[in-house]
Amino acid sequence: MVLAFHKPYGVLCQFTRNEPGQRTLADFGFPAEVYPVGRLDQDSEGLLLLSDEPGFNNRLLHPSTAHPRTYRVQVDGTPTPEALERLRRGGLIIDGHRSRPCRVHVPDPQPVVPPREPPVRFRKSIPTTWIELTLTEGKNRQVRRMTAAVGFPTLRLIRVVIGRLEGQGLAEGAWKRLTPEELALVWAR
């Protein structure tokens, strides 16, 4: 069984609480025995898969598979063409690891994204920009570290696609079991 879940901001990607009152996956009524496939940090939102299938996580996320995942990223400021090229080219040192090349662009028009609670900080004199970034690797807080490394810190991060499966149809906090057709989209490139 493979589930798609729209993880809200502030939810920890595990079933056990580290602190009283902390929101975790245990708060969403998942079937027994499922586990998260990959992670989204507590500050990130969007599409997360869960499965009870042995080996699913490794088959999907092992670095040798170079499986694509797309993120919508709100950054502080307006990225320069040079900054976007540095992201695209790869080679940024992130926690001792050299990032792989990735796809990145600034959507035009900018996406309309529902507000987050609590809201992202607002600074009147500095604009924000949404970029879309597709990675084929997943190091800890990698997107945040990459955008910061090129001078445009991440303010909000939403995973929107895994493979070719889009998470737009799920409301925040909602989950569903994937159909065979949807599961095929997870594996598609």
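Listed values, structure above:
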read-out: Test set (1) under 17 Å from the mean Cα position of the chain (by Cα); (2) part of a helix (DSSP H, G or I); (3) not assigned by TED's automatic domain parsing to the domain that holds residue 6 - residue 186 fails condition number; value: (3)
read-out: Yes/no for residue 124 being surrounded by 11 or more Cβ atoms within 10 Å (Cβ to Cβ) and outside any strand (DSSP E or B); value: no
read-out: Only one of 72, 103 that is in contact (Cβ under 8 Å) with a residue 24 or more places away in the chain and either surrounded by fewer than 17 Cβ atoms within 10 Å (Cβ to Cβ) or out of contact with any strand residue (DSSP E or B) (no Cβ under 6 Å at 6 or more places or on another chain) (or both); value: 103
read-out: Within the stretch 5-38, tally of residues that are over 20 Å from the mean Cα position of the chain (by Cα) and buried (at least 19 other Cβ atoms within 10 Å of the Cβ); value: 0
read-out: Long-range neighbours under 8 Å by Cβ, at least six apart or interchain, first residue in contact (Cβ under 8 Å) with a residue 24 or more places away in the chain within the stretch 77-95, second basic (Lys, Arg); value: 92/86; 92/98; 92/145; 94/139; 94/145; 95/139; 95/145
read-out: Test: residue in the stretch 148-156 that is touching an Asp or Glu at 6+ places or on another chain (Cβ under 6 Å) and under 19 Å from residue 8 (Cα atoms); value: yes
read-out: Exclusive hit being in the same structural domain as residue 132 (by TED's automatic domain parsing), part of a helix (DSSP H, G or I) and of a type outside the set (Phe, Trp, Tyr), set 72, 88, 100; value: 88
read-out: Qualifying positions in the stretch 167-189 - in contact (Cβ under 8 Å) with a residue 40 or more places away in the chain and charged (D, E, K, R); value: 172, 176, 177, 182, 189
read-out: Boolean, residue 138 is in contact with a Gly (Cβ under 9 Å, 6 or more places away or on another chain) and surrounded by 14 or more Cβ atoms within 10 Å (Cβ to Cβ); value: yes
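One line per residue, one yes/no per condition, for (1) surrounded by 14 or more Cβ atoms within 10 Å (Cβ to Cβ); (2) at pLDDT 95 or above; (3) more than 12 Å from residue 138 (Cα to Cα):
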site	(1), (2), (3)
40	yes, no, no
48	yes, yes, yes
51	yes, yes, yes
55	no, no, yes
61	yes, no, no
81	no, yes, yes
87	yes, yes, yes
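Results for (1) assigned by TED's automatic domain parsing to the domain that holds residue 82; (2) more than 15 Å from residue 46 (Cβ to Cβ); (3) at pLDDT below 95; (4) assigned to a loop (DSSP other than H, G, I, E, B), shown as yes or no for each residue.
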position: 112; (1), (2), (3), (4): yes, yes, yes, yes
position: 116; (1), (2), (3), (4): yes, no, yes, yes
position: 129; (1), (2), (3), (4): yes, yes, no, no
position: 155; (1), (2), (3), (4): yes, no, no, no
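The values are calculated or read from the model by the stated rules, or taken from the named source; none is laboratory data. All of these numbers come straight from a predicted model, not from anything done at the bench. Using ideal geometry, Cβ is built from the backbone for each residue, glycine included, and neighbour counts are taken over all protein chains shown.
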